[in-house]
Amino acid sequence: MGVAGIWAVLKDVPDPEIPAVSILDLGIVRAVEEEKVVITPTYSGCPATDFIEQSIREALDAAGYRDVAIVTVLSPPWTTDWISEEGREKLRAYGIAPPELAKAATCPRCGSSDTEEVSRFGSTPCKAQWRCKDCLEPFDRFKCH
Ligand SMILES: [Zn+2]
């Protein structure tokens, strides 16, 4: 029990949109204390936000942390900078271009930066669809707000 135990529970909570990465990988968890978990959703208004909180609640309850509250903090807003190195690796392996600050996305398949945005709407509202001009492979990319 305790803070370390809570971290261990959170480590196993997958992101609802990309199950390959955990909410810790994405940097959604801001702080963990004995009685509360502070989270910042990836995007306010993202339909996955409620689901993330629900997933955390269920995981905490299942591990016996029923008294631990989940507090959502919207400021400062989540940025893609909070994604851990491990999270970026997992995203890459999953075929999603890790968000970079650079304008062009790098193709997760061949590494080419000769890419174009095809649609602002990818497989989920939080991702945009891109296409690589070299290997012509379509891929999803996080929208950088
Ligand atoms: Zn490519």
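The values are calculated or read from the model by the stated rules, or taken from the named source; none is laboratory data. A quick note: this is a predicted structure, and the numbers were derived from the prediction, not measured. We place every Cβ from the backbone using ideal geometry, glycine too, and count neighbours over all the protein chains shown.
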Suppose we keep only residues that are surrounded by fewer than 15 Cβ atoms within 10 Å (Cβ to Cβ) and within 13 Å of the ligand (Cβ to nearest atom) within the range 114-126. Which one would you say is nearest to the chain's Cα centre (by Cα)?
Glu116
Restricting to the range 102-111, and then to whatever is near the ligand (Cβ under 10 Å from one of its atoms) and loosely packed, with under 15 Cβ neighbours inside 10 Å, can you tell me which residue is modelled with the highest pLDDT?
Cys110
Take the residues in the range 77-91 that are modelled with pLDDT of 85 or more and assigned to a helix (DSSP H, G or I); name whichever of them is surrounded by the fewest Cβ atoms within 10 Å (Cβ to Cβ).
Glu85
